[in-house]
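Novice: Quick one: this structure, given as structure tokens, is what I'll be asking you about.
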Amino acid sequence: MPVARAALQPAPGAQPNEFGAFLLTQVFVGVLLIVAIILLIIGVVGEVKSTKFNRRDAVLAHAMGDRLAALSTEPRSAMYAVDTAENADGSWDHRITDAIPLEVERHFDQQTLGSITGALQTRMSLFGTTVGIGVVNRRGIGFGGALTKGRVHGTTQADLTVNETTRANLMGDGLFSTYSTGEDSWRLIAMPNTAAQEWLYNLLLQLWHHFGSDETHTGRTVGSWVGPLTQTFTPSDVSYATDRLTHILSRPFEARPPVTFSGTLIGRNAILAAELTLPDGTRLEMLPIRLPARLAAAVLAAEADAVPQIEATGNAELTD
């Protein structure tokens, strides 16, 4: 046994295994180098893609700004006009002439504000039993346990007061009216000016979200036009139209002059008003029904304008 133990011990003056340590170090460094190269490639590819996207985004943003600026200068009448020639192709647009008013109603936008005040009083009681047992051994060390069972009963009394106030927007009335055209009748519905403004704002807001909100150049460009376009094309004649129709309705039926109105068919002989022409030729704007189509055309035109510049950079894609 002493001989075997001596054989297992290293000889005096023997050198450690330097080659094994060197090989282990090289493997460790190699793994780190491979990981670093992979991360570098990922970073370079991401930077190239980001640069290309930013270039495309900047070009599209410039083209979009030009097209939206041009849209803002178009005549308001073009946004309210209805092309009845499209009816042959299944369009829902209609223009009704020689319509005698039969009924006119106002529907005001209303807002209710309320508050609830009061106090809550709660009374609670606990009924239960507890059973315990303890044991002490010879050394004076005790052990014990207990079981508790109970029920909680309570009563809550609420004394609340509700206060609410409903206010009508007297300048935000919608129009409901019916008309006679001889043997037939038509119903004309117009949204309040405030509702039309909200519809228009949400339409432009969806376009802003579509192009990345404020995270992209194009999104910021579209966002800068949401307010101006909403203000430019929001109608303001619905309340006045109701006033004029009420004035006409005050006359005997035989003395009522006819009016002309146009819009989108939303039911049998029911039209969502786009414009109304009074007997004296005054044209009242009710809803910019053509704006969604004109807005879509502006977006498509902006993308088409951006393609030549994007192709010049070697990337003709507008989106990833």
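Novice: Summing Lys, Arg as +1 and Asp, Glu as -1, what charge do residues with Cβ under 13 Å from the Cβ of LEU229 carry, LEU229 excluded? Can you show the working numbers first?
Specialist: Values: positive: ARG67, ARG76, ARG294; negative: GLU74.
Around LEU229, the charge tally is +2.
Novice: Leaving out ligands, DNA and RNA, what percent of the accessible area of the range 162-320 is carbon and sulfur, probe 1.4 Å? Write down the numbers at each step before the final one.
Specialist: Working: 4260 of 8040 Å².
Carbon and sulfur atoms account for 53 percent of the accessible area of the range 162-320.
Novice: What distance in nm separates the simple spin-label points at GLU105 and THR277, each placed 7 Å from Cα in the Cβ direction?
Specialist: Those two pseudo-labels are separated by 2.9 nm.
Novice: If each residue of separation counts as 0.36 nm, what is the full-extension length gain between ALA158 and GLU198 once their alpha-carbon separation is subtracted? The partial results should precede the final answer.
Specialist: On the way: separation 40, 0.36 × 40 = 14.40 nm, distance 3.98 nm.
Length difference between fully extended and current span is 10.4 nm.
Novice: Can you list residues whose amide H is under 5 Å from LEU102's amide H, if they're 5+ apart or on another chain and H is modeled 1.01 Å from N?
Specialist: Amide H neighbours of LEU102, under 5 Å, 5+ apart: THR178, TYR179, SER180.
Novice: Enumerate by residue number the GluC sites (Glu not before Pro) in the range 182-223 meeting two conditions: DSSP loop (anything except H, G, I, E, B), and at most 16 other Cβ atoms within 10 Å of the site's Cβ.
Specialist: Working: sites: GLU183, GLU198, GLU215; in loops: GLU183.
Passing both the DSSP loop test and the Cβ count: GLU183.
Novice: So, with +1 on the Cβ of K and R and -1 on the Cβ of D and E, and no other charges, what is the size of the charge dipole of the range 144-280 about its Cα centre, to the nearest 20 debye?
Specialist: Details: 9 positive and 13 negative charges, 121 e Å.
Here the range 144-280 has a charge dipole of around 580 debye.
Novice: Given the Cα-Cα distance of ALA58 and SER125 and 0.36 nm per residue of separation, how much length would full extension add, in nm? Working shown, then result.
Specialist: On the way: separation 67, 0.36 × 67 = 24.12 nm, distance 7.05 nm.
Here the answer is 17.1 nm.
Novice: A further question follows. Which trypsin sites (Lys or Arg not before Pro) does the range 210-307 hold that lie in a coil by DSSP with at most 11 other beta carbons within 10 Å?
Specialist: Values: sites: ARG220, ARG244, ARG268, ARG283, ARG290, ARG294; in loops: ARG268, ARG290.
The qualifying sites are ARG268.
Novice: Please list ILE189, ILE271 from largest to smallest accessible area, probe radius 1.4 Å, with all protein chains kept in place. Walk me through the numbers before you get to the answer.
Specialist: On the way: ILE189 55, ILE271 0 Å².
Greatest to least solvent exposure: ILE189, ILE271.
Novice: Based on the Cα gyration tensor of the range 211-320, what are the three equivalent ellipsoid semi-axes, each the root of five times an eigenvalue, rounded to whole Å and given largest first? Kindly include the intermediate steps, with their values, before the conclusion.
Specialist: Numbers: eigenvalues 396, 42, 24 Å².
Over the Cα atoms of the range 211-320, the semi-axes work out to 45, 15, 11 Å.
Novice: Charges at C-beta only: +1 for Lys and Arg, -1 for Asp and Glu. How large is the resulting dipole of the range 146-203 about its Cα centre, in Debye rounded to 20? If you can, show how the numbers build up before the last one.
Specialist: Numbers: 4 positive and 6 negative charges, 126 e Å.
The dipole of the range 146-203 has a size of about 600 debye.
Novice: Let me ask something else. If the chain between VAL35 and ALA304 were fully stretched, how many nm would it gain, using 0.36 nm times the residue separation less the Cα-Cα distance? Write out the running numbers ahead of the final one.
Specialist: Numbers: separation 269, 0.36 × 269 = 96.84 nm, distance 4.27 nm.
Going from the current span to full extension adds 92.6 nm.
The values are calculated or read from the model by the stated rules, or taken from the named source; none is laboratory data. Note that the structure is a prediction, hence the values are computed from the model and not measured. Cβ coordinates were reconstructed from backbone atoms using ideal geometry, including for glycine residues, and neighbour counts include every protein chain displayed. These accessible areas exclude ligands, DNA and RNA; they are computed on the full protein's heavy atoms, side chains included. Shrake-Rupley method; radii C 1.70, N 1.55, O 1.52, S 1.80 Å.
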